[in-house]
1. For residue 71, which of the numbered conditions (1) in a helix (DSSP H, G or I); (2) at pLDDT 95 or above; (3) open to solvent by 70 Å² or more (accessible area, probe 1.4 Å) fails to hold?
2. Would you mind listing the strands (runs of 3 or more DSSP E) fully within segment 116-155 where at least 2 residues are under 21 Å from residue 191 (Cβ atoms)?
3. Spot the failing condition for residue 21; the list is (1) surrounded by 15 or more Cβ atoms within 10 Å (Cβ to Cβ); (2) closer than 28 Å to residue 209 by Cα; (3) hydroxyl-bearing (Ser, Thr, Tyr), and only one is missed.
4. Output the residues belonging to segment 185-214 that are of a type in the set (A, V, I, L, M) and under 15 Å from residue 151 (Cα atoms).
5. So which residues in segment 39-51 are part of a loop (DSSP other than H, G, I, E, B) and either touching a helix residue (DSSP H, G or I) at 6+ places or on another chain (Cβ under 6 Å) or β-branched (Val, Ile, Thr) (or both)?
6. Which count do you get for residues in segment 87-132 that are touching a residue at least 60 places away in the same chain (Cβ under 8 Å) and either closer than 17 Å to residue 69 by Cβ or open to solvent by 70 Å² or more (accessible area, probe 1.4 Å) (or both)?
7. Only one of (1) in contact (Cβ under 8 Å) with a residue 40 or more places away in the chain; (2) of a type outside the set (Val, Ile, Thr); (3) loosely packed, with under 15 Cβ neighbours inside 10 Å; (4) in contact with a helix residue (DSSP H, G or I) (Cβ under 8 Å, 6 or more places away or on another chain) fails for residue 198. Which number is that?
Amino acid sequence: MIMKQVDIVPRTSGQDRVLVTRIFEAARAKNRHILGLEAFDILKAYGIPVIKTRFAKTAEEAIIAAEEIGYPLVMKVVSPQISHKSDIGGIKLSLQNAAEVKTAYQDMIDNIQKKLPDAYLEGVQLQPMLSGGKEVILGMVHDPTFGPMLMFGLGGIYIEILKDIQFAIVPVDEREAREMITGIKTYPLLAGVRGEKPSDINALVDIILRVSNLVCDFPEIKEFEINPMMVFEKGKGALAVDLRLILKSNM
């Protein structure tokens, strides 16, 4: 593994290593290596903003949660066996009222149970349906030569088709974090084109630094992906919307 030499990176505030350690210990005690909803607490422990989320085990709980969040909202299945929810019909969008929430819950659970009868379905998570902003992806992968590397790019078709991604060896400093963002080919879409307001680049830089610190603090993280992260116009920040975190099995 190549060790990267960098200047000392200032620690961002609000990092709770103890809480993250407890979450990982609880996961290992249950022999779980893929973390779901509880991984949002890991982001919050490192000061990374996350979308308002509620968990429900039944249709009735889902309706109560929906009323607390407000409409329209998104429903996503929660299962340790399902990491790519959209591939299996595990996401329902633009739910407008309690009746739609109840129907969406029943349809989602019934259909997934038919497709994946062995999957353990913990329930669903509910989130507000966001408007405005742009989707980006931020994650970490292990390179056999360089070790942990952060990745950044625009979400959706830009990463699936154009493969427009920037990588950096951790830890990263502020300059490298900013270069990850400005280095993608589609950066003009974030900077603001044809009269659009620029996205909150400073918020993304801060989040990248926090993710870098998280990854450095916990080498047991095998894979990490915030997808999507919604970034809003300058001054309005960004929110993690979905997350997948995989722990190494030998630690």
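The values are calculated or read from the model by the stated rules, or taken from the named source; none is laboratory data. Since the structure is predicted, the reported quantities are computational estimates derived from the model, not experimental observations. Reconstructed Cβ throughout: ideal geometry from the backbone, glycine too, with neighbour counts over all protein chains shown. Note: accessible area is taken over every heavy atom of the protein model, side chains too, but ligands, DNA and RNA are not part of it. Shrake-Rupley method; radii C 1.70, N 1.55, O 1.52, S 1.80 Å.
1. The one condition residue 71 does not meet is (1).
2. 134-143, 147-154
3. (1)
4. Those that are of a type in the set (A, V, I, L, M) and under 15 Å from residue 151 (Cα atoms): 204, 205, 207, 208, 209, 211, 214.
5. Result: 46, 47, 48, 51.
6. 7
7. (1)
This table checks each residue for (1) in contact with an Asp or Glu (Cβ under 8 Å, 6 or more places away or on another chain); (2) among the aromatic types (Phe, Trp, Tyr); (3) closer than 22 Å to residue 41 by Cα.
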{"residue": "118", "(1), (2), (3)": "no, no, no"}
{"residue": "122", "(1), (2), (3)": "no, no, yes"}
{"residue": "135", "(1), (2), (3)": "no, no, yes"}
{"residue": "139", "(1), (2), (3)": "yes, no, yes"}
{"residue": "158", "(1), (2), (3)": "yes, yes, no"}
{"residue": "161", "(1), (2), (3)": "no, no, no"}
{"residue": "166", "(1), (2), (3)": "yes, no, no"}
